[in-house]
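Before any comments, here is the structure.
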Amino acid sequence: MKILFTKNIDPFVISKELGRDISADYVEVIKVDPIQVTPFDLKNYSLIFSSVNGVNSFFKNQFKPNEDFTAKNYNKIYCVGEKTKKELRKHGFGTFKVVRDAETLSKFIIGNCPHEKFLHFCGNLAIDVLDKSLPLQNIKYKKVTVYHTTETYPSIPEKYHAVVFFSPSGVRSFAKHNSLEGMKLFSIGETTSNELKKYTKEKIFTSEGRNLHSILEIIKKESSSI
């Protein structure tokens, strides 16, 4: 079985998890660059992070959240995905709420904290679920772009039994010059799967968790039938 991962991953991890019967290649289909932003006062804002890149770029720009819950103007931190949560932990910060996708976060905010003001630290191609839904409910929400994602549009002539996708921008970049037909398609999260559905009628296998372990479990299960 030949499988293409649309980002660089440690080959040892893939070999260990999937076994020697899997032949894997790795192609970066997007390029991520931090953006320099002058840090400003986060007082009275709740913070949203929806990616590891957003977390890293936030701290590279030397923003200083206040997570002292006993203080009057502390910053609640909401995040999408366990990987994002773990990255926040590396920087010494916990999370008030962790959800699996932006749609779930939107529903939670609307139902539980409509009077908070939100800053979403994200990339230029961040999905627009939150900025479409929250303002309609008169919830104050603003995106702060802290990194730039470029879709590189590679042309890949080699044929594969399966392709693995990790983001909507990765889907768009790959689909520009490459067919999605006749392969098994694996996707991390519903948001990435929804983007795939715009380009193909093929069945899409979607991981419940937004992490590598979750998607590898699905690949192991399905690889026996290829």
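The values are calculated or read from the model by the stated rules, or taken from the named source; none is laboratory data. In this text the structure is predicted, and so the values were computed from the model without any measurement. Cβ placement follows ideal geometry from the backbone for every residue including glycine, while neighbour counts extend to all protein chains displayed.
So which residues in segment 145-195 are in contact with a Leu (Cβ under 9 Å, 6 or more places away or on another chain), assigned to a strand (DSSP E or B), of a type in the set (A, V, I, L, M) and in contact (Cβ under 8 Å) with a residue 40 or more places away in the chain, if there are any at all?
ALA162, VAL163, VAL164
Kindly evaluate SER133 against the criterion of being of a type in the set (Gly, Ala, Ser), in contact with a helix residue (DSSP H, G or I) (Cβ under 7 Å, 6 or more places away or on another chain) and in the same structural domain as ASN194 (by TED's automatic domain parsing).
no
Within segment 61-97, restricting attention to residues that are of a type in the set (A, V, I, L, M, F, W, C) and surrounded by fewer than 22 Cβ atoms within 10 Å (Cβ to Cβ), which residue is farthest from the chain's Cα centre (by Cα)?
Top of the filtered list is ALA71.
Restricting attention to segment 178-208, report how many residues are under 18 Å from the mean Cα position of the chain (by Cα) and surrounded by 16 or more Cβ atoms within 10 Å (Cβ to Cβ).
So the count comes out to 16.
Need the failing condition index for ASP128 against (1) touching a Leu at 6+ places or on another chain (Cβ under 9 Å); (2) exposed (fewer than 14 other Cβ atoms within 10 Å of the Cβ); (3) without any contact (Cβ under 8 Å) to a residue 60 or more places away in the chain, just the number.
(1)
If you scan segment 88-113, which residues turn out to be assigned to a helix (DSSP H, G or I) and not small (Gly, Ala, Ser)?
Once the filter is applied, which keeps residues that are assigned to a helix (DSSP H, G or I) and not small (Gly, Ala, Ser), segment 88-113 yields LEU88, ARG89, LYS90, GLU103, THR104, LEU105, LYS107, PHE108, ILE109, ILE110, ASN112.
Filter segment 1-47 for residues that are in contact with a His (Cβ under 6 Å, 6 or more places away or on another chain) and aliphatic (A, V, I, L, M) and give the result.
MET1, ILE35
Quick one: would you say GLU202 is without any contact (Cβ under 8 Å) to a residue 24 or more places away in the chain, more than 30 Å from THR38 (Cα to Cα), outside any strand (DSSP E or B) and in contact with a strand residue (DSSP E or B) (Cβ under 6 Å, 6 or more places away or on another chain)?
For GLU202, the condition - without any contact (Cβ under 8 Å) to a residue 24 or more places away in the chain, more than 30 Å from THR38 (Cα to Cα), outside any strand (DSSP E or B) and in contact with a strand residue (DSSP E or B) (Cβ under 6 Å, 6 or more places away or on another chain) - is met.
Please name all residue pairs, on different chains or six or more residues apart, with Cβ atoms under 6 Å, provided the first residue is in segment 3-31 and is under 15 Å from LYS184 (Cβ atoms) and the second residue is part of a helix (DSSP H, G or I).
THR6/GLY170; THR6/PHE174; ALA24/ILE14
Of the conditions (1) assigned to a helix (DSSP H, G or I); (2) without any contact (Cβ under 8 Å) to a residue 60 or more places away in the chain; (3) touching a strand residue (DSSP E or B) at 6+ places or on another chain (Cβ under 7 Å); (4) not assigned by TED's automatic domain parsing to the domain that holds SER106, LYS85 satisfies every one except a single condition; which number is it?
(4)
Go through segment 1-60 and count every residue that is of a type outside the set (A, V, I, L, M, F, W, C), within 16 Å of ILE77 (Cα to Cα), within 21 Å of the chain's Cα centre (by Cα) and not in a helix (DSSP H, G or I).
Number of matching residues: 3.
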